[in-house]
Amino acid sequence: MGPGKPVYAMLAGGCFWCLEAVYLELRGVLSVTSGYMGGETTNPTYQEVCSGDTGHAEVVQIGYDPIQVSYRDLLNVFFAIHDPTTLNRQGNDVGTQYRSAIFFHTVEQEAEAREMIAQLTAEHAFEDPIVTEVVPAQTFWPAEDYHQNYYAEHPFQPYCAFVVGPKVKKFRKLFESLKKA
């Protein structure tokens, strides 16, 4: 039986290169596109988003087969590979473009995201409060071509080696059962 019709998830958790590299290895993920969402500028460029003036977050659009991987699995990975407690930053990446956000397409996605945040909060999974936004999806603007599949094409670039690489290794260790064959 082939893959089902793709469903889309929109996640922001720092630099999109990190999220893209991890989700490309997740079973049931059919596509991952880096881009921008949540801002005011039409068709923003990377430079405009990096200025922090457009209001966009760096996001990944994940096309996945819900028969092979659940939205909850996507969220479990999301909360494991980034810090959802730092407002507008991930490590040394600082600015609203690096905020933690879940952009939902359906009421089911919204409910699942809010339920997971409530569960993680109740379990004291993090020392500090979760600041991840749960907001309706807006227009998705794909990033420039050179940002797509970035880690796979530039694994030795310093940011990739020291920031992206460790997140991919963490994913591989924590989610062995969810990796693509």
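FYI, it's all coordinate maths here, none of it is from the lab. Since the structure is predicted, the reported quantities are computational estimates derived from the model, not experimental observations. We place every Cβ from the backbone using ideal geometry, glycine too, and count neighbours over all the protein chains shown.
The table below lists the values:
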| item | result |
| --- | --- |
| The chain: DSSP helices with Cα axial extent of at least 27 Å and average Kyte-Doolittle hydropathy no lower than -0.5 | none |
| Sorted by Cβ neighbour density within 10 Å, fewest at the top, the residues 117, 67, 62 | 67, 117, 62 |
| Peptide ranges 49-58, 144-153 listed from the most packed, as the mean C-beta count within 10 angstrom indicates | 49-58, 144-153 |
| Cα-based shape type of region 67-168, given that a ≥ b ≥ c are square roots of the gyration tensor eigenvalues and the cut on a/c is 1.5 | prolate |
| Exposure proxy ranking, count of Cβ atoms within 10 Å, fewest first, for 83, 128 | 128, 83 |
| Cα-projected label distance for residue 128 with residue 30, points at 7 Å along beta-carbon direction, nm | 3.8 nm |
| For Cα Rg over 2.2 N^0.38 Å, calculated from these coordinates, the label among (i) 0.96; (ii) 1.75; (iii) 1.22 | (i) |
| Area projected by the alpha carbon convex hull of region 40-99, averaged over all directions, nm² | 5.1 nm² |
| Label point distance in nm, residue 176-residue 85, each placed 7 Å from Cα along Cα→Cβ | 2.7 nm |
| Highest average packing first - 33-42, 73-82, 95-104, 170-179, Cβ atoms within 10 Å | 95-104, 73-82, 33-42, 170-179 |
| Most positive-pole-ward Cα, 26, 43, 10, against dipole of the chain from beta carbon charges | 26 |
| Sorted by Cβ density within 10 Å, fewest first, the residues 17, 141 | 141, 17 |
| Within the chain: Cβ-based charge dipole about Cα centre, in debye rounded to nearest 20 (Lys, Arg +1; Asp, Glu -1) | 620 debye |
| Label-to-label distance, nm, for residues given as residue 48 and residue 118 (7 Å Cα→Cβ offset) | 3.8 nm |
| Given charges at beta-carbon only (K, R positive; D, E negative), |dipole| of region 92-181 in Debye | 480 debye |
| Amide H partners (placed H, <5 Å) of residue 133, local residues excluded | 100, 101, 102 |
| Beta bridge orientation in the chain: antiparallel %, DSSP, nearest 5 | 85 percent |
| From phi via Karplus (6.51, -1.76, 1.60), per-residue ³J(HN,Hα) for region 135-146 in Hz, x at Gly/Pro | 9, x, 4, 10, 5, 9, 10, x, 6, 4, 3, 5 |
| Set of aspartates and glutamates with alpha-carbon distance to residue 169 below 12 Å, sequence-local pairs under 8 removed | 25 |
